[in-house]
1. Once all Cα-Cα distances of segment 1-107 are split into 5 Å bins that start at 0, what whole-number percent is in each one?
2. With each pseudo-label sitting 7 Å past Cα toward Cβ, what's the residue 385-residue 79 distance in nm, one decimal?
3. Using a 10 Å cut-off around each Cβ, can you sort 380, 108, 47, 356 from fewest to most neighbouring Cβ atoms?
4. How many angstrom lie between the C-alpha centres of segment 351-419 and segment 221-284?
5. So what is the relative contact order of segment 307-408, in percent, for Cα pairs below 8 Å that sit 6 or more residues apart?
6. Say each of residue 330 and residue 161 gets a label point 7 Å from the Cα, pointing the same way as Cα to Cβ; how far apart are those two points in nm?
7. Decide, for segment 194-291, between rounded, prolate and oblate: order the square roots of the alpha carbon gyration tensor eigenvalues as a ≥ b ≥ c, take rounded if a/c falls under 1.5, and otherwise choose prolate if a/b is larger than b/c, else oblate.
8. For each of 18, 229, count neighbouring Cβ atoms within 10 Å of the residue's Cβ, then give the residues from fewest to most.
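Values quoted throughout were computed directly from the atomic coordinates according to the rules given, and no laboratory measurement underlies them. Only a predicted model underlies this, so the values are computations on that prediction, with no experimental measurement involved. Every residue, glycine among them, receives a Cβ derived from its backbone with ideal geometry; neighbour counts consider all protein chains shown.
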């Protein structure tokens, strides 16, 4: 194969939620789709449910009856694999077991034409490993949709070791024709999204394990930091059992790489059967499908007696504009950026705990915000050397700037900046290992998990040198290789310094 392959007829194997969703996407793009499931009753149920959803859209005026009828007609049930012989593309969306997928594709090789592309919707199994059972692995690739397939924009196209460029290019072009954002990745554990997203869950789970704050407080902080959901509510939505299984799978696939080590906090939830929304209890309890949340406690506050603004805060977006709001008197002093409030030193976290950064002194760490003037919450890590009166004075200072204050324990690197550093580091490692391009990584994380920015671009805004320093400090503090910076991150930081 030296050029893109024409795709007319599409076959989907597996009539579950994902398989039916993929069939719908292909049919909406005008393809004739054959839907096959080893259980014919499942195929019938899937098509009945699909027809019912279309009828609902017609009733609500979202779709015309002729269009609904044409769409229904383009998806046909297949009673046997042999009926897929004329397909130009076969997409498998069945159980995540290597042996079963290998057996299925080996059987399809004897049924489908030589120019038929075979694709797996697997989210975690190596395309190279699946292809090892085939006589022509060059026509096999991954075509990973995100659930729900008709709604989610991202599709990962995965090349195994033998996948031909024409197969890759055909699938990328096809996914884009279907209205998707298509990215390319090599066949490594987790591909792009499920690999790079691990720190987003892992750092919150570690913060919980180390007593940094409650699930609700940490979720509030992450939303204020720009993420659409906090890690606790998101894993409850995904299913704690499902998220834990993916983390465990990625960890094993990378030969126990410390960056992916699963969390004991999450394992305890799984062991207890607290899977999240679907079981009615996870990090949160659920009633009527909604989390039962407490009102976050408002920390005590009092007016600060003296506030000194040390150094230049213009390097943090919105910080100077925020400080200009203060209704009282602000003293100015040269030095490294810090606020001195009633004897408490407040400065941006750098990956060290306050107690180790300023031994014996009253200090607080400020977590990262993309825009300090616009953000709703200010998060502070409180050193053990701060008195209650000092905490109330610092809280009062930020309350007078119209900010809600989140008080955390003295957690090194806090949460938002620490999580960002780990996400950027994981993206850098994926670039270094040629898993995907920086551009595709950023697209994948924006459209696959709805991050406000791609990690590579986000890291450039925050500053690669800042993030590198934070990781170096975390690595030294914990003595763990989990926080070792990627060689690529060091290169990016070096280029930033030279610019």
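1. The percentages, shortest bin first, are 2, 12, 21, 23, 18, 12, 6, 3, 2, 0.
2. Going from the residue 385 label point to the residue 79 one covers 8.1 nm.
3. Taking fewest neighbouring Cβ atoms as first place, the list is 356, 47, 108, 380.
4. 26
5. For segment 307-408, the relative contact order is 27 percent.
6. The answer from the label model is 6.0 nm.
7. Oblate, because a/c is 1.5 or more while a/b does not exceed b/c.
8. Least to most surrounded, the residues fall as 229, 18.
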